[in-house]
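The values are calculated or read from the model by the stated rules, or taken from the named source; none is laboratory data. In this text the structure is predicted, and so the values were computed from the model without any measurement. Cβ sites come from the backbone with ideal geometry, for glycine too, and all protein chains shown count toward neighbours.
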Amino acid sequence: MTTPPPEASRALAAAVRLTAGQRVRLLLECAPLVAAIAAFAAFELLLARVLREQRLIVRGLLGVFVVAAIVQARNRLRDFAGGVVFVAEDRVERTFGDRHHYVEFERLGRFRLIGRAHVSAVRGSRYRVHYCKASKVVWRLEGLKY
């Protein structure tokens, strides 16, 4: 049996447990679903009779908002239920975004950066990346010397 080259062993992802703060953050990011359902219910109970002509348009817009919130919450809850943060090494290809910071890695793909991770992301540099797969969130970047 042959051993894989060092590059291949670095590419394998490890897993560590989510911290309490990360768990709370994943749950809080499910709040848009609650807001979307509340908005839809409020519209149906309070405004549907008043806005008869625009009712279909408003229902459609609220429906799109609810579906988008369901997808986001489902991904956050998948990571929450999994209970782990994956750790892998990868190279930053580009960073972008003003309000929300994003990074694209060579192998892992595109992720949203949480907290101070966006400060340390430099194009072309290699990092040990702590991330959640389903929600596509990077919790931490650790610079590598090689």
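Just one of (1) part of a strand (DSSP E or B); (2) in contact with a Leu (Cβ under 8 Å, 6 or more places away or on another chain); (3) farther than 14 Å from Ala134 by Cβ trips up Glu104, so point out which.
(2)
So which of Ser125, Ser135 is polar (S, T, N, Q) and over 13 Å from the mean Cα position of the chain (by Cα)?
Ser125
Of the residues Glu93, Glu89, which is among the charged types (D, E, K, R), modelled with pLDDT of 90 or more, assigned by TED's automatic domain parsing to the domain that holds Lys133 and crowded, with 16+ Cβ neighbours inside 10 Å?
Checking each option against the conditions leaves just Glu89.
Mind listing just one residue for me: the one in segment 19-59 that is among the β-branched types (Val, Ile, Thr) and closer than 30 Å to His130 by Cα and, of those, nearest to the chain's Cα centre (by Cα)?
Val24
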